[in-house]
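**Q** Before anything else, here's the structure in question.
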Amino acid sequence: MFDNILGNDKIKELLVNSIRNRKTAHSYMFVGMEGIGKCLIAKEFAKMILCTDDNKYCNKCKSCIEFDTNNNPDFKIIEPDGNSIKIEQIREFQNKVSEKPIISNKKVYIINDSDKMTRRSTKLFIKNIRRTS
């Protein structure tokens, strides 16, 4: 796990332990300077969460194979559309979150560059997070 990622050993250990102990949180924030591997670590962690094998990183199950080919329906990265993440993207995200996973037991969404959410999309996101919490 995380074999292809150098550094951030404490963070990687914390994430692996959360998987092994079956105590993953409902959300994580990966914060830091650009280029330190936040998205890469988040994607590898997502793959572990979605893996259907008991070892949680088999690279053989349908979930892992589809993840590696960017075809896993239970995983999505939300990227800025132009210079920002638009309200329409958040609405689509919120509609998809309510759907059941297809391959795995869970679904994982990464909001990359969440600091680029527009004011309206941030308000909508926060409003709906509070309603579901």
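The values are calculated or read from the model by the stated rules, or taken from the named source; none is laboratory data. Keep in mind it's a predicted model, so treat the numbers as computed, not measured. Note that we place each Cβ from the backbone using ideal geometry, even for glycine, and neighbour counts take in every protein chain shown.
**Q** I'd like the residue in segment 46-55 that is in contact (Cβ under 8 Å) with a residue 40 or more places away in the chain and within 15 Å of Ser18 (Cβ to Cβ) and, out of all such residues, is surrounded by the fewest Cβ atoms within 10 Å (Cβ to Cβ).
**A** Within segment 46-55, the match that is surrounded by the fewest Cβ atoms within 10 Å (Cβ to Cβ) is Ile49.
**Q** Can you spot a residue in segment 26-41 that is within 20 Å of Ile78 (Cβ to Cβ), surrounded by 15 or more Cβ atoms within 10 Å (Cβ to Cβ), touching a residue at least 60 places away in the same chain (Cβ under 8 Å) and among the aliphatic types (A, V, I, L, M)?
**A** So far as segment 26-41 goes, no, none of its residues is within 20 Å of Ile78 (Cβ to Cβ), surrounded by 15 or more Cβ atoms within 10 Å (Cβ to Cβ), touching a residue at least 60 places away in the same chain (Cβ under 8 Å) and among the aliphatic types (A, V, I, L, M).
**Q** Also, I was wondering about something else. Any chance segment 80-89 includes a residue that's more than 25 Å from Lys12 (Cα to Cα) and out of contact with any helix residue (DSSP H, G or I) (no Cβ under 8 Å at 6 or more places or on another chain)?
**A** yes
**Q** Would you confirm whether or not segment 20-42 contains a residue that is under 28 Å from Phe125 (Cα atoms), touching a Leu at 6+ places or on another chain (Cβ under 8 Å) and not in a loop (DSSP other than H, G, I, E, B)?
**A** yes
**Q** Continuing with this model, one more query. Just checking, which of Asn4, Asn17, Asn59 is more than 30 Å from Lys127 (Cβ to Cβ), more than 16 Å from the chain's Cα centre (by Cα) and outside any loop (DSSP other than H, G, I, E, B)?
**A** Going through Asn4, Asn17, Asn59 in turn, the sole match is Asn17.
**Q** Related question: Select, from Ile85, Ile36, Ile90, the only residue that is in contact with a Lys or Arg (Cβ under 8 Å, 6 or more places away or on another chain) and at pLDDT below 95.
**A** Ile85
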